[in-house]
1. Between A157, M192, A124, whose Cα lies farthest towards the positive end of the dipole of the range 121-230 when Lys and Arg beta carbons carry +1 and Asp and Glu beta carbons carry -1, centred on the Cα centre?
2. For the chain, what is the calculated [θ] at 222 nm in deg cm²/dmol (nearest 500), taking -39500 (n - 2.57) for each run of four or more DSSP H residues and dividing by its residue count?
3. Between M1 and I130, what is the label-point separation in nm under the 7 Å Cα-to-beta-carbon projection?
4. How much space per residue, in cubic angstrom, does the convex hull of the C-alpha atoms of the range 117-259 take up?
5. For N217 and V48 in one chain, what is 0.36 nm times their gap in residues minus the Cα-Cα distance, to one decimal in nm?
6. Pulled fully out, how much extra length does the chain show between S103 and E209, if you take 0.36 nm times their separation in residues and subtract their Cα-Cα distance?
7. As an exercise, use a Förster radius of 25 Å and the Cβ-Cβ distance of M171 and H61 to find the FRET efficiency, rounded to the nearest 0.05.
8. Starting from the Cα gyration tensor of the chain, take the square roots of the eigenvalues, sort them a ≥ b ≥ c, and report rounded, prolate or oblate (rounded when a/c is under 1.5, otherwise prolate if a/b is larger than b/c, else oblate).
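What follows draws every value from the coordinates through simple rules; no lab data is involved. None of these values were measured; they are calculated from a predicted model. Virtual Cβ from ideal backbone geometry, glycine too; neighbours counted across all protein chains shown.
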Amino acid sequence: MKRFVDQVAVITGAASGIGEACAIRFAEEGAKIACLDVTAAANEATAVSCRNLGAETLTLHCDVTDEVSVKTAVAAVMGKWGRIDVLVASAGIYTGSMLTEVSLPQWQRTIDINLTGVFLTNQAVVPIMIEQRRGSIINLSSMAGKTSWIASAEYSASKSGVIGLTRSVAMELAPYGATANAVCPGNTLTNMVRGVADKIGRLNDMTGEEWLQMRANDCPMQRLAEPWEMAGVVAFLASNDSRYLTGQAIEVDGGMIMS
Ligand SMILES: NC(=O)c1ccc[n+]([C@@H]2O[C@H](COP(=O)([O-])OP(=O)(O)OC[C@H]3O[C@@H](n4cnc5c(N)ncnc54)[C@H](O)[C@@H]3O)[C@@H](O)[C@H]2O)c1
């Protein structure tokens, strides 16, 4: 299925994990892909994977916390292709720190990347989508935006913020036929989760591997997610099959919150 032929998808956090999987999914389905990330080599590697699938690509160094960087990247995409049909805001961090360990700069950094970064990228593409009278924004929130657990204070706050922000963006886009939705992944096997597994495991008197296994056991589906399973839902939210679906925060968590 090639649902995005001649469409342009801009993906932040494209160098790794869910962003990388989304870039590849949209490339498979015929889109032109702009890969935005702060990590140069891995970002270019994603672009190479997309080109190997036949996609045109643009690799852009973009720090989503920096307004000039975001505006420059969006201008580069418009300069090359003249349109933006899809924005996937996937750039994010998770420190796995207990509340009392979160310094003010660390709090600020998580909010800057996970929430302000979504604000800046959404703000940069909304006028383009209004002008086009079409477009889909998909912001990566988290299960942690709807519920929470230990060592997630600044992360949960940022991800709840993404849900509220997405709803307001959806309201502003709706009269123009464009949509904005949030995806709330459960634990997904990416660098982010692997990177904090040992630290969170220690808080629970476990190894990182034991903690990952516990998270899998806690899930009704008895396993963690793979990044491509998030990309499939993101692609649906960018497709014509979801034209009347907006302002939602969709749990893609193997039934975790439900249970
Ligand atoms: N993996 C999970 O279990 C999980 C669960 C819920 C939500 N999420 C969310 O999904 C999104 C993707 O997570 P992931 O697991 O793929 O993480 P990841 O660490 O694999 O990828 C995140 C990417 O964001 C980039 N990034 C970080 N700071 C940036 C900045 N300032 N500007 C531009 N890029 C920046 C990183 O370089 C990296 O390539 C995040 O927003 C995350 O919070 C992930």
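1. It is A124, whose Cα lies furthest towards the positive end.
2. Working: 9 runs with 121 residues, N = 259.
Counting only the DSSP helices, I get -15000 deg cm²/dmol.
3. So the label points at I130 and M1 sit 3.2 nm apart.
4. Looking at the range 117-259, the number lands at 106 Å³ per residue.
5. Full-extension gain reported as 57.3 nm.
6. Working: separation 106, 0.36 × 106 = 38.16 nm, distance 2.74 nm.
Full extension from S103 to E209 adds 35.4 nm.
7. Efficiency, rounded to the nearest 0.05: 0.20.
8. On the way: a/c = 1.57, a/b = 1.54, b/c = 1.02.
Note, shape of the chain comes out prolate.
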